[in-house]
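For reference, the structure discussed in these notes is given below.
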Amino acid sequence: MDSASGQLISGVLQERIRTAGRVGQEFKAPQVASGASGVLAYASENEGVTWDRTETLPYVDPMGGGSGIVELTLTFTGDGSQKLPFAFPASDLRINGTADANMVQYDGFYNAWTYGAWPGDNVSAVAYDEPVASSFGSTYQLKWKIYFQYVGNVTYRLKLRARGTCPGVLTVARTI
């Protein structure tokens, strides 16, 4: 074998050894990281349930001048493999049905969405998946809130999902 082909084979083998070492390191690390793609995310959701929360709200007369208020607190609790995990929520909120037409669309700035037309069954949000700042000091938890006002007959369904730097459990509680 001449020296040029020997160097080529040697270079290929060295690269494969480096790649194998990096892959092995990624499998052992509590937070999977890759030189090619950065931090890899873990998808978390509550398996076995179609909706994490379903609630029929008390009727509020659209012509009465008032509105009902709902505030939900969503909590991501990491599995303990990483302190101060980062997670991004992707909640699916549907009003008065489960079809795609009933899915609430929002603008990514935690507000500015409406479902329904006035004066019928109507929901408008002030906050949607908005981070709760006080939870940032928690070692393993992050919290967000969904806050909305409504009139008419409203039943909402909520499915929780999140992408995080570690696996976790999602819970929801109505706070108002």
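The values are calculated or read from the model by the stated rules, or taken from the named source; none is laboratory data. Everything numeric in this text was worked out from a predicted model, so none of it was measured. Here the Cβ positions follow ideal geometry from the backbone for every residue, glycine too, while neighbour counts run over all protein chains shown.
Brief remarks follow.
- The set of residues in segment 41-97 being outside any strand (DSSP E or B), among the polar types (S, T, N, Q) and surrounded by 14 or more Cβ atoms within 10 Å (Cβ to Cβ) consists of 46, 67, 81, 82, 91, 96.
- Qualifying residue in segment 122-143 (condition: assigned to a strand (DSSP E or B), free of Cβ contacts under 8 Å to residues at least 12 places away in the same chain and either crowded, with 20+ Cβ neighbours inside 10 Å or not hydroxyl-bearing (Ser, Thr, Tyr) (or both)): no
- Set 165, 139, 114, 171: member being among the hydroxyl-bearing types (Ser, Thr, Tyr), at pLDDT below 95 and either within 17 Å of residue 45 (Cα to Cα) or in contact with a helix residue (DSSP H, G or I) (Cβ under 6 Å, 6 or more places away or on another chain) (or both): 165
- Residues in segment 38-80 that are hydroxyl-bearing (Ser, Thr, Tyr) and farther than 19 Å from residue 161 by Cα: 56, 59, 67.
- All conditions but one from (1) surrounded by 14 or more Cβ atoms within 10 Å (Cβ to Cβ); (2) in contact (Cβ under 8 Å) with a residue 24 or more places away in the chain apply to residue 119; the one that does not is (1).
- Some residue of segment 93-104 being of a type in the set (S, T, N, Q), within 26 Å of residue 169 (Cβ to Cβ) and either in the same structural domain as residue 65 (by TED's automatic domain parsing) or at pLDDT below 85 (or both): yes
So that you can scan it fast, the table gives a plain yes or no per residue for (1) modelled with pLDDT under 75; (2) over 37 Å from the mean Cα position of the chain (by Cα); (3) over 30 Å from residue 97 (Cβ atoms):
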| position | (1), (2), (3) |
| --- | --- |
| 2 | yes, yes, yes |
| 10 | yes, yes, yes |
| 14 | no, yes, yes |
| 21 | yes, no, yes |
| 27 | yes, no, yes |
| 30 | yes, no, yes |
| 39 | yes, no, yes |
| 54 | no, no, no |
| 59 | no, no, no |
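- Some residue of segment 139-152 being farther than 23 Å from residue 105 by Cβ, assigned by TED's automatic domain parsing to the domain that holds residue 98 and out of contact with any Ser or Thr (no Cβ under 8 Å at 6 or more places or on another chain): yes
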